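Input: a single structure, listed below in structure tokens.
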Amino acid sequence: MTALAQSIVRAFSAHSLQIAIIRNLVLLALAVLFVAVLRATYGLDLSPGFF
């Protein structure tokens, strides 16, 4: 039982938790940026003929 608990603690260490939090924050920031670009270009004619 102790070996199982130790392997779980090693697999989900504080370091990997920090990496997961940072990765999720980066993904959230990218999603917000994507939505901001979509909102900024709403109603614009972005067809190839426009350029």
For segment 7-26, enumerate the residues that are at pLDDT 75 or above and open to solvent by 100 Å² or more (accessible area, probe 1.4 Å).
Leu17, Gln18, Ile22, Arg23, Leu25
Could you list, in sequence order, the residues of segment 27-51 that are modelled with pLDDT of 85 or more and of a type outside the set (A, V, I, L, M, F, W, C)?
Arg39, Thr41, Tyr42
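The values are calculated or read from the model by the stated rules, or taken from the named source; none is laboratory data. No experiment lies behind these values; they were computed from the predicted model shown. Just the protein is used for accessible areas: all its heavy atoms, side chains included, with ligands, DNA and RNA removed. Shrake-Rupley method; radii C 1.70, N 1.55, O 1.52, S 1.80 Å.
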